[in-house]
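The structure appears right after this line, and notes come after that.
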Amino acid sequence: MNKENEFKSGFVALIGRPNVGKSTLLNYLVGQKVAIMSPQPQTTRNKISGIYTDEHEQIVFIDTPGIHKPKNKLDDFMDKSSLSTLDEVDVVLFMVEPEPAGKGDHYIADLLSKIKKPVFLVINKIDTIHPDKLLEIMNSYRSLGDFAEIVPISASQGNNVDELIKTIGKYLPEGPQFYDTDQVTDRPEYFIVAELIREQVLRLTHEEVPHATAVVVDRMKDHEAGKLQIEATIYVERDGQKGIIIGKGGKMLKQIGIAARREIENLLGEKVNLRLWVKVQKNWRSDPAFLKSIGYNAKELR
């Protein structure tokens, strides 16, 4: 096989402050929603892989929680989850807003300076600024580190994303195809379903119940009247939060259920009957035993 026909494969981490567009880019790359999105920062809690495959290469993109100063066990898990990814990948994409580097960016750049992997600076949301400002922004980051590449993109519009893929390919080793061509994530369906429900909680309750919610799919099987039966529990930390999510006469919970069901049906390609419950689990974000029970890695919670 000549060099031009060699198949390449590798792993790429998406790193950055909360809400810089990592999940938006991941979803654009794989062509469907595998990571939830919200205007609120710190929406992503676990590492989620999105798989991009074409005839020349397969790239496994790992979306990570936004790096920020921990306030509880869950926050600590999210930061450790992000940083542990750097030991497992071939390339790191440091995603930033289209503005001069801030304190959070300095902090992350310092962490990245210690790793021995190619780091790309990816300036996202370039569709929101005048092109004349781009050079100033790029120069403000050049002083933070020796980036292998600097690539401006718009993940929401797809601007220059093809060029980003092409550039990543130059840094990947020759390797096998790890996943089937039509597979877009390594996460099981029940995990994505739980995340789609949580996305609607964030979207519809806005600032009232920021990140005090966790969603666990209790049952996802059996078909009745041609519909997949899904049962899930929304956990909150206080009785007042439970009241907000249920709403007057159950109105808010019904809205959450209807919106989540649409997203789940789009994901699975079949009709769904979704039943939701809301339970109070006091201070669950600082409870290692509970966090472990709903799928967070106990080693990363120490």
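Once label points are set 7 Å from the Cα along Cα→Cβ at both residue 87 and residue 231, what is their separation, rounded to one decimal in nm? It is 4.0 nm. Remark: the Cα gyration tensor places the range 143-212 in the oblate category, a/c being 1.5 or greater and a/b not exceeding b/c. Highest-first packing order for the peptide set 94-107, 170-183 is 94-107, 170-183, based on the mean count of other beta carbon atoms within 10 Å. If you plug the beta carbon distance of residue 255 and residue 293 into 1/(1 + (r/R0)^6) with R0 = 30 Å, you get a FRET efficiency near 0.60.
Counting only residues at least eight positions apart within a chain, or on another chain, the aspartates and glutamates with an alpha carbon under 16 Å from that of residue 221 are 189, 231, 265, 270.
Loop-resident GluC sites (Glu not before Pro) (DSSP state other than H, G, I, E or B) in the range 217-296 with no more than 11 further Cβ atoms inside 10 Å of their Cβ: 270.
Cβ-Cβ distance of residue 156 and residue 273, R₀ of 35 Å, FRET efficiency by 1/(1 + (r/R0)^6): the value works out to about 0.60. For the range 91-234, averaging the sequence separation of C-alpha pairs within contact (under 8 Å, six or more residues apart) and dividing by the residue count gives a relative contact order of 17 percent.
Measuring r between the beta carbons of residue 99 and residue 221 and using R0 = 45 Å, the FRET efficiency lands at 0.45.
In the range 155-302, the DSSP beta bridges split such that about 50 percent are antiparallel, to the nearest 5. Protein heavy-atom surface of the range 200-260, 1.4 angstrom probe: 51% of the accessible area is carbon and sulfur, with nucleic acids and ligands not counted. In the context of the full set of protein chains, residues of the range 124-224 present 55 Å² of accessible surface per residue (probe radius 1.4 Å, heavy atoms only). Between residue 130 and residue 110, the modelled labels are 3.4 nm apart [label points 7 Å from Cα along Cα→Cβ].
Once you order the gyration tensor axes a ≥ b ≥ c over the Cα atoms, which shape class does the range 129-248 get: rounded for a/c under 1.5, otherwise prolate or oblate by comparing a/b with b/c? Oblate, since a/c reaches 1.5 and b/c is not below a/b.
The values are calculated or read from the model by the stated rules, or taken from the named source; none is laboratory data. Nothing here was measured: the structure is a model prediction, and the numbers come from that model. When we count neighbours, we look across all protein chains shown, and the Cβ atoms used for this are built from the backbone with ideal geometry, even at glycine. The accessibility values were calculated without ligands, DNA or RNA, using every heavy atom of the protein model including side chains. Shrake-Rupley method; radii C 1.70, N 1.55, O 1.52, S 1.80 Å.
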